[in-house]
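Derivation of every value follows stated rules applied to the coordinates shown; laboratory data play no part. None of the values given here were measured: they were computed from a predicted structure. In this analysis, Cβ positions are derived from the backbone assuming ideal geometry, glycine residues included, and neighbour counts consider all displayed protein chains.
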C-alpha cells in the first residue's frame, strides 16, 4: 500500500450539509417526467431497512430477497440506512460547498457543531407543545443523529478509498485489457488490465464485477444485486457526486446504490451529464444457478454465483427506449452519432468518409467527399447535423481535422484503425453475415456502393469505413441488431455537389441552397433563442420541428417544390378554420411519432432480441415496465387514430401538395389509410385492463396459440370433474379437491369413508376436528397436476410474449406508418409557416424564378422588407433592387456606424432563405431568382484554437467565397480589410469587389473606406447606396456638438463620412479625448489631400477636380 497522500474528493454542490441535516431532499433540477419513478426513488429509505435491518453489508456483498442464499454473506453489525438524497441548485448550497472546500476537516466539524446549536436556538418554525420528557428526548437524540451523519460525510470526503490505492490503477502502471500502456498506439482507454490473482482474492460478486469492469472501464456500472443496482469504487463516487447518494457502510470501500424502480431517473441524469451507463443484469435466479451447477458439475465459491451480463450501454449518442425501463422524455433535437474516416489528399486537404445516425429513429446516412483547405464541407456537415457523439480514427488524422475535432464541445470516442474502424470490405462482410445474407435484402444505397459482391466501389471505401466504425460501436454497446432491424440507409452528398453527381446532364444544378457553418452562424439561422428557427417554430410536433430545422438549413432550389409549398401555405393562411382543425389534431398527438414507431418496431422484432443478454435478464419491476410499454403503445395508437381523420378534414382542399400529403391513393395522394389495421390491433386485447395490470391478455380469437392453451385448460378441468365423479362412486360420498399450487388436486375423503381407499391412494395430509378428513393423491391426479402446470407455464409464456406479438403484428406495416409520419411532419411544417404568417403585420408570397443559366440574369427585389428576427412594430422597413438599371449586381453600401448596414444585409439573406423554404416573408413584395448559395463575411472574430488572427479568419472566409461563388450566389461582405493597415485593407477590398462585380453575382458590400467608394464612382457594374441619417451642427467647430440621428433607411448614393466620433460619444468616451481625436483626424486628412492636389497639378489634372480638392483641404484647417 502506498502512503502517498491522496487528494480529498470534492463534495458535490448537490450533496449539501443542509440535505443531511433536514433529511428533506429538494427536487432535482433534471427534467424527468415520470412521477411514478420520482416517488419510488424517494421511498428507498422506507423500503430498505425492512431488508437490511440489523445487518451489515460487507464490501461487494449484499443481502437481498432473491440473492441471499448464495453469494451474499451477512454480518450482524448494524449498518447505516440506505438513503437517496435528491439534488438542488440553489445559491445558498453552492456557497456552502465552496466554503466547505476551502475549510480544513476540523474547521468543518466545528462549523457543523456550531450550526446545530444555532439551529436549536434560532429556529423560525413554531414548536408544538410536548412533555418535558419528550422534549428532552428530542434535544438529546435528533440533533445528535443529524450531527453524526454530517460529520460522517466529512470523514467520507477525507477518506482514502481502497480503489485509489490499487497498484494496477495507478497512472504509472495502468494498462488496457491487452496490457498496452497509454503511450502505445493500440492502447484502448475503454478497458483496463485487472490481475487474475487480484480477482481470485475477491468475493464471488466482486470478482464478477471486476471481470466485467475490465472490459468496460469507461462506463458507470449499475450492477444488479437482487432488486437493487449497486455502484462500487469509482462508480460509487460518481453516484454520490452526481446523484446525491450517500456512501454505504463505514469502511473504506466506496459503495452506494438505488432500487431497480429508480433506474430511469438515475440513468437519465448521468447520460445527460455526459457519462456512459452500463446496465448489468442478473441473467439467472437461484434455482437456475443450482440447476447449472448440478448440470455442469461445477463447485467452489466462484461457480455458485448467479450469472450477470452487461445488457446495454447508454450514452448521449446511443439512446433507445425498448426495455420499458426508460420513458421517451428527450427533446425534439436529433441525437446524432457521427463517425469520420479520413485520408490525406495533400498536407492541407483531406478526403472524408462520414456516417451519422440518430439511434432513436434508426436512419443511417453515409457519404464520402473531398474537402477544400478550409474544410468547408466538413464544417457545413457539422453545422447541419451537429452530433452529440463523435467517433474518429485515432491514428489517421490531419492537423486541420484534429483542430476541428478538438474545438467541438461534444462527446468524442477515438477508434483504433482496422480493429474498431473496420475497412469497407470487412464492413460489407459483417453486414452480409449478420444482417443481409439474402442479396434481395440489401438496401439500394449499399448496393450502389459495391463494385462486386462485398467489394467496395471506388470512391466509397472511406464511407463504408465510417459505417464500419459506427457498427463496431453499436455492437460494443449491444445495440447493433436492434438498430439495424429498423435501419434505412441513404447517401449523403455535400450540398454544393449533390446534383452535380446525380444529374450530370445539368451542370452546376443543386438540389438545395448551400448554407455553410459560417453563414448559419452569422445569420443566426439555427439555435434555441433569437434565431430564425425559434421565430418560425410554430410546429406542434417534435418530428415536425426536426423537419423545419432541415428546411432552414437546406432550403430547396427546386422551383416546383417551392411553388407547391407556397400554394399550400397560402391556402392554410387564407382558411383559418382549416388551419385550426389541422393544428388541433397535430397538437393532440402528444408523442414523437417517428421515435415511437421505432421503439415499438424494435420491441416487436423477435430476431433483434434473440440471444441478446436483455432477453435473459431477471427483472423485478416487469409489471411497471409492461405498463410503460403498453402506455407508449396506447398513445401511439391514439395518435394514429387522430391522424386518420386528416383525409376527411382536407377532402376539399385545392393545393396539390396538401392533397398529396393528406389524401389516399384513390384520391390522388400518398396517405395510407390504416384505420382497419389500427382497429384490428386495438381489438386484440383490452388496453385499459392491460394498463392496470401491465400484461396484455388476448381477446377471443386474437391469438390462436393462447386460445388453444385455454381450450386445453378447459378440457383438463372437464377431465378433473369427471375423475372426481368416478371417485365419488368408489367412496360413496360427495368429494372435493384440496390444495394450491404444487399441492393441488388432493382428494378430500371423510375419515369414515377412507377405508375404501386402496393401495393406489397415497395419503398426503389429514384434518382433525369435528369433521375429520383424509387427503389422497393418485397417479391420475399427479398427472393432472403435471399437465395443468405445463399448460399454465405455456399460458404465462404466451401472455408474456403476447405484447411483443401485438407489436410485431403492428410493425408488419412499419414502412407505411413511417411514410405517414413523414407526411404528417411536412403538414406540420406547412401549418407552422401559415401560423407564422398570421402572426406578422405584413406578409407576401415571394415570386420565385428559375436559376439563371448565364451571368447577368439573376435578380433580387425586396420592397419594404422587415428583418424576421426583429420586432416589426419598431423596425423601419427597407428594400433592395438588384440589378440596378439592369447592370449593377454589386451594392456598395456606406453609412454611419450603427446606421443599420449589417442589419440590412442579414435581412436580405434571411428573406431569401425563407422564400426558398416556401414560406411567406415579412415584406410588401419580393421577387428573386433561385439562390444557389449564400456567403457571408460578417463581424470580426479570431480563432484561437486554430491559431488564426482576426484578419486571417477574414481572409479565409473571403477565399472560400472567391473559390466557390457563382453568378447565382448571394454574397454579403461587411467591412472587408479592416483587420490590417488601411492601405493593405483598401487594396484587398478593392480587388475583391472588382472580382465579384465582374462575376455579376448579387453582392452587398459594406465599407467605411471612402476612397474605395471614390474609386468605383461612375462604375456601371456597381451601385452606390448608404444608410440615411440626419446630422445637426455638422459644421460646428466643436465636434462634440455634432448630433447624428439614424434614419435606418437605405437610399442611393454614398455617405460623405462614417460619423465615428458620434459613436465614440455614444460609447461614453470623454469629450476631451474626442475633440483631440477630431484634430488628429483633420490633420491626417489634410496631409492626404495635399498629396492628392500635388499629384493632380503635376499630371495636369481636371481644373474643377483640383478646385474641389482645395475646398476640402481648407475645411480640414484646424
Sort 465-471, 361-367 for me by packing, meaning the mean count of neighbouring Cβ atoms within 10 Å per residue, highest on top. 465-471, 361-367
Listed highest first by mean packing, meaning other Cβ atoms within 10 Å per residue, what order do 259-265, 280-286, 1069-1075 come in? 259-265, 280-286, 1069-1075
Need one number: nm distance between label points at residue 859 and residue 952, each 7 Å from Cα along Cα→Cβ, rounded to one decimal. 4.5 nm
Using 10 Å bins from zero, what percent of all Cα-Cα pairs in region 610-686 falls into each bin? 16, 31, 24, 16, 11, 2
Label-to-label distance, nm, for residues given as residue 1097 and residue 351 (7 Å Cα→Cβ offset): 6.6 nm
Plugging the Cβ-Cβ distance of residue 767 and residue 710 into 1/(1 + (r/R0)^6) at R0 = 51 Å yields, to the nearest 0.05, a FRET efficiency of 0.95
Using alpha carbon positions and the Kirkwood radius, the Rg to Rh ratio of region 811-895 is 1.17
So if I take the centroid of the Cα atoms in region 327-370 and the same for region 859-931, what is the distance between those two points in Å? 35 Å
What's the Kirkwood radius of region 704-797 in Å, using all Cα pairs? 14.2 Å
Using r as the Cβ-Cβ distance of residue 790 and residue 852, and R0 as 56 Å, what FRET efficiency do you calculate, to the nearest 0.05? 0.10
Take the Cα atoms of region 345-397, find their three principal axes, and give me the spread along each one in whole Å, biggest first. 38, 23, 17
Cα gyration tensor shape for region 336-492, rounded if a/c is under 1.5, else prolate or oblate: prolate
Using only C-alpha atoms and all pairs of different ones, pull out the Kirkwood radius for region 639-771 in Å with one decimal. 21.0 Å
Quote to one decimal, in nm, the extra length available between residue 1017 and residue 198 on full extension: 0.36 nm per residue of separation minus the C-alpha distance between them. 286.4 nm
Whole-percent pair-distance distribution, where bins are 5 Å wide, for the alpha carbons of region 815-970: 2, 8, 14, 16, 17, 15, 12, 9, 5, 2, 1, 0
Global size of region 803-858 as Cα Rg and Dmax, reported in angstrom: 20.9, 65
Pulled fully out, how much extra length does the chain show between residue 169 and residue 887, if you take 0.36 nm times their separation in residues and subtract their Cα-Cα distance? 251.2 nm
What is the extension gain from residue 994 to residue 1037, computed as 0.36 nm multiplied by their sequence separation minus the C-alpha to C-alpha distance, in nm to one decimal? 11.6 nm
What FRET efficiency comes out for residue 654 versus residue 822 if R0 is 22 angstrom and r is the Cβ-Cβ distance? Round to the nearest 0.05. 0.45
Can you quote the Å³ per residue value for the convex hull of the Cα atoms in region 847-1069, rounded to an integer? 149 Å³
Can you classify region 416-455 as rounded, prolate or oblate using the Cα gyration tensor, where a ≥ b ≥ c are the square roots of its eigenvalues, rounded means a/c under 1.5, and otherwise it's prolate if a/b beats b/c and oblate if not? prolate
Once label points are set 7 Å from the Cα along Cα→Cβ at both residue 724 and residue 451, what is their separation, rounded to one decimal in nm? 7.8 nm
